[in-house]
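J.: Shown below is the structure under consideration.
The values are calculated or read from the model by the stated rules, or taken from the named source; none is laboratory data. Quick caveat: nothing in here was measured; it's all calculated off a predicted structure. So basically every Cβ, Gly included, is an ideal-geometry build from the backbone, and we count neighbours across all protein chains shown.
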Amino acid sequence: MQFLQQLVNGITIGAFYALVALGYTMVYGVLKLINFAHGDLFMWGAYLGLTGLTVALAALGYTTPWAILPVVIFVMTSVALMGVLVERIAYRPLRSAGRLAPVISALGVAFILESLARNVYGASWKTYPQGLTPSGGLVLAGGVRVSLMQIIVLVASFLLMAGLYLFVHRTRVGTAMRAVSLDHDVSRLMGVDVDRIIMIVFLIGPGLGGVAGLIVALYYGSFDFTLGWIFGLKAFIAAILGGIGNIPGAMLGGMLLGIIETLGAGYMSPQWKDVIAYIILILILIFRPTGLLGERVAEKL
Amino acid sequence: MALLEIENLHTYYGYVHALKGINLTVEEGEIVTLIGANGAGKTTTLRTISGLIRPREGRIVFDGQEIQGMPAHKIVQMGICHAPEGRQIFSTLTVMENLNMGAYTLGGDKETIEENRRRVFDLFPRLEERKNQLGGTLSGGEQQMLTIGRALMSRPRLLMLDEPSLGLAPLLVKTIFEIIKEINQRGVTILLVEQNARAALKIAHRGYVLETGRVVLSGPAQELLQDERVRKAYLGER
Ligand SMILES: Nc1ncnc2c1ncn2[C@@H]1O[C@H](COP(=O)(O)OP(=O)(O)OP(=O)(O)O)[C@@H](O)[C@H]1O
Ligand SMILES: [Mg+2]
């Protein structure tokens, strides 16, 4: 029974990791760049969610879960726009500057976004308004509890990921996205405006990441400015675990990391959670550098 | 007025002066071939025309409009399609998806795309048999067919082919050249880059010989085939 309970909790956390990992993997796909700023964009989703909820509740004058809906849209669009801005300012000018310069630039943006959050919102723990998330839930056979919030998180994450998968695999722009991941120049020769595709990726990845920030903050109730770095790094591990650049891989990697971490914390002790996560990362890098679903197709230079 | 006119084209890779003042014209309906040794600048010429590299100097006029410096995706929209060297297909996309990428500029025009796909499958029945296979799992020859087929999907006015026969078995080389001729007879103007100078000159109307970034010889293909220098340097005769 404890096992099943841990599994349910692990899947929930895994869904968070997966949502954030998608952003890393999509950007890596089209730019071969680890967007270290992604974790902090995700965190900005949590902060903007706090602002949005505070404003929405003050405007309404009473507390209702429905206040979350407009805030989802607000957070998604603002973090998506932040993502596009980051690409324009920090990555695009360095497009032909080799592999190292954009990585340094990404780290710089990560620190800027984190400091900015700390300066604007303060370094203290932030708490989301009470009474927004539904209480209650289901008790399954064997006494395994699934809270209503967990169900909502899972359904929302599943819908977002399924939508993304269909977009990437069934639409013209999604196919162009996969083409750009393979070769910029050949995509240009097909008439693809590569800059526009990259912009779309920076709308979708951070957009999803921002929503994930909001959901995570709702789920845990409180957070501080270190959320982006810690959680972002975990999601990055999830992306590597699944095979960076691979979208289903990011989903799988996120789920696996969430489950393994939670089981490890449950059976050993919570203090070992991070140790387990990083040991997994190192083991993958040693035994399967391309990740679980990573392709072994030789990369063209 | 020629369909494509190139005047005094200079292209650099950093400090490498790859094209040193190329002049070249392609008339509507022609097959024009560009031959020359390794490193002569043939690929660079095509890449400059298609907008992948910006020339430092010179003019490229297509259908009366200057296109040098335009972004590559806009140039495709004008009706120039460049099938790159070395079977650069999208390896993890299916054959169908590769062809759809070729028709990217047609947007959601399903009917035209379907019609163009029909023509491509007529030329390359093998591609239809393999349509759901991933590009990377095709044989070398099939990948070459896909590169050409994909370039035809946008129904270009000018098709630029970079070494379509490279690395193919002799029988397939013959087929590919026949298909190029057929594509031309269906109304597509062709600029053909080839190492296989003899085969290229046999199907071309005119030819240009490139040496270290300069045009050293040009004329009707028949004349080039007879030319002493061409025979020695490019047709392996002594
Ligand atoms: N990316 C690049 N960076 C620097 N120099 C380059 C680059 N690409 C080509 N060159 C140089 O430009 C010159 C022309 O190269 P190009 O590829 O156009 O030759 P080519 O005629 O197509 O040769 P091949 O028959 O071998 O394909 C060569 O000297 C080559 O070394
Ligand atoms: Mg070449």
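J.: Of the conditions (1) more than 16 Å from ligand 1 (Cβ to nearest atom); (2) away from chain A (no Cβ under 14 Å); (3) among the charged types (D, E, K, R), B:LYS20 clears all except one; give me its number.
T.: For B:LYS20, the exception is condition (1).
J.: Just a yes or no: is a residue in the range B:123-138 surrounded by fewer than 21 Cβ atoms within 10 Å (Cβ to Cβ) and of a type in the set (Gly, Ala, Ser)?
T.: Yes, the range B:123-138 has at least one match.
J.: Looking for something in contact (Cβ under 8 Å) with a residue 40 or more places away in the chain, away from ligand 1 (no atom under 14 Å from the Cβ) and in contact with a Lys or Arg (Cβ under 8 Å, 6 or more places away or on another chain) - is there at least one such residue anywhere in the range B:40-63?
T.: yes
J.: Follow-up. Does B:MET101 satisfy the criteria of being more than 16 Å from ligand 1 (Cβ to nearest atom) and part of a loop (DSSP other than H, G, I, E, B)?
T.: no
J.: Give the residues of the range B:85-96 that are farther than 20 Å from B:GLU163 by Cα, surrounded by 22 or more Cβ atoms within 10 Å (Cβ to Cβ) and within 10 Å of chain A (Cβ to nearest Cβ), sorted by residue number.
T.: Keep residues of the range B:85-96 that are farther than 20 Å from B:GLU163 by Cα, which gives B:92-96.
Now restrict to residues that are surrounded by 22 or more Cβ atoms within 10 Å (Cβ to Cβ): B:95.
Correct list: empty.
J.: Another one. Would you mind stating whether B:THR33 is in the same structural domain as B:ALA204 (by TED's automatic domain parsing), surrounded by 15 or more Cβ atoms within 10 Å (Cβ to Cβ) and either in a helix (DSSP H, G or I) or touching a Pro at 6+ places or on another chain (Cβ under 9 Å) (or both)?
T.: no
J.: Let me ask something else. If you go through the range B:36-55 one residue at a time, do you hit one that is outside any loop (DSSP other than H, G, I, E, B) and more than 17 Å from the chain's Cα centre (by Cα)?
T.: The answer is no, given that none of the residues of the range B:36-55 is outside any loop (DSSP other than H, G, I, E, B) and more than 17 Å from the chain's Cα centre (by Cα).
J.: Quick one: is B:THR175 touching a residue at least 40 places away in the same chain (Cβ under 8 Å) and surrounded by fewer than 18 Cβ atoms within 10 Å (Cβ to Cβ)?
T.: No: the conditions fail for B:THR175.
J.: Inspect the range B:1-11 for any residue being closer than 30 Å to B:GLY135 by Cα and either within 16 Å of ligand 2 (Cβ to nearest atom) or assigned to a helix (DSSP H, G or I) (or both) and give the result as yes or no.
T.: no
J.: Any idea which residue in the range B:24-78 is nearest to the other protein chains (Cβ to nearest Cβ), counting only those that are within 16 Å of ligand 2 (Cβ to nearest atom) and farther than 21 Å from B:ARG206 by Cβ?
T.: B:LEU52
J.: Which pairs do you get when a residue that is more than 15 Å from B:ARG157 (Cα to Cα), found in the range B:20-38, comes within reach of a residue that is among the hydroxyl-bearing types (Ser, Thr, Tyr), reach meaning Cβ atoms under 7 angstrom, with the pair 6+ apart or on two chains?
T.: B:ILE22/B:THR45; B:LEU24/B:TYR208; B:LEU34/B:THR45; B:LEU34/B:TYR208; B:ILE35/B:TYR234
J.: Restricting to the range B:79-98, give me the number of residues that are in a helix (DSSP H, G or I) and within 19 Å of the chain's Cα centre (by Cα).
T.: 1
J.: Pick from A:GLY294, A:GLY253, A:GLY249: which is farther than 15 Å from A:ILE13 by Cβ and not in a loop (DSSP other than H, G, I, E, B)? Please lay out each step first, then the result.
T.: Details: A:GLY294 fails: not in a loop (DSSP other than H, G, I, E, B); A:GLY253 fails: farther than 15 Å from A:ILE13 by Cβ.
Result of the check over A:GLY294, A:GLY253, A:GLY249: A:GLY249.
J.: Suppose the filter is within 14 Å of another protein chain (Cβ to nearest Cβ) and either outside any strand (DSSP E or B) or at negative phi (or both); does A:SER187 pass it?
T.: Considered against the rule, which asks whether it is within 14 Å of another protein chain (Cβ to nearest Cβ) and either outside any strand (DSSP E or B) or at negative phi (or both), A:SER187 comes out as yes.
J.: May I ask you to verify whether B:VAL193 is in contact with a Lys or Arg (Cβ under 8 Å, 6 or more places away or on another chain) and within 16 Å of ligand 1 (Cβ to nearest atom)?
T.: Yes: the conditions hold for B:VAL193.
J.: Does B:HIS82 fit the bill of being within 14 Å of chain A (Cβ to nearest Cβ) and either more than 16 Å from ligand 1 (Cβ to nearest atom) or without any contact (Cβ under 8 Å) to a residue 24 or more places away in the chain (or both)?
T.: no
J.: Moving on to the next point. Considering each residue of the range B:137-149, count those that are under 27 Å from B:THR25 (Cβ atoms) and within 12 Å of chain A (Cβ to nearest Cβ), and give that number.
T.: Qualifying residue count, the range B:137-149: 1.
J.: Looking at (1) within 16 Å of ligand 2 (Cβ to nearest atom); (2) more than 30 Å from B:ASP227 (Cβ to Cβ), find the lone condition where B:PRO156 falls short.
T.: (1)
J.: Name, by its number, the condition in (1) out of contact with any Lys or Arg (no Cβ under 9 Å at 6 or more places or on another chain); (2) more than 18 Å from B:THR48 (Cβ to Cβ); (3) within 16 Å of ligand 1 (Cβ to nearest atom); (4) not hydrophobic (A, V, I, L, M, F, W, C) that does not hold for B:GLN185.
T.: (3)
J.: What are the residues in the range A:182-226 that are in contact with a strand residue (DSSP E or B) (Cβ under 8 Å, 6 or more places away or on another chain) and free of Cβ contacts under 8 Å to residues at least 60 places away in the same chain, if any?
T.: A:LEU189
J.: Which of (1) within 16 Å of ligand 1 (Cβ to nearest atom); (2) touching a Phe, Trp or Tyr at 6+ places or on another chain (Cβ under 7 Å); (3) without any contact (Cβ under 8 Å) to a residue 40 or more places away in the chain does B:GLU128 not meet, given it meets every other one?
T.: Against the list (1) within 16 Å of ligand 1 (Cβ to nearest atom); (2) touching a Phe, Trp or Tyr at 6+ places or on another chain (Cβ under 7 Å); (3) without any contact (Cβ under 8 Å) to a residue 40 or more places away in the chain, B:GLU128 comes up short only on (1).
J.: Let me ask another. Checking the condition touching a strand residue (DSSP E or B) at 6+ places or on another chain (Cβ under 8 Å), surrounded by 13 or more Cβ atoms within 10 Å (Cβ to Cβ) and aromatic (Phe, Trp, Tyr), which residue from A:TYR128, A:TYR121, A:TYR165 passes?
T.: Details: A:TYR121 fails: touching a strand residue (DSSP E or B) at 6+ places or on another chain (Cβ under 8 Å); A:TYR165 fails: touching a strand residue (DSSP E or B) at 6+ places or on another chain (Cβ under 8 Å).
That would be A:TYR128, the only listed residue that is touching a strand residue (DSSP E or B) at 6+ places or on another chain (Cβ under 8 Å), surrounded by 13 or more Cβ atoms within 10 Å (Cβ to Cβ) and aromatic (Phe, Trp, Tyr).
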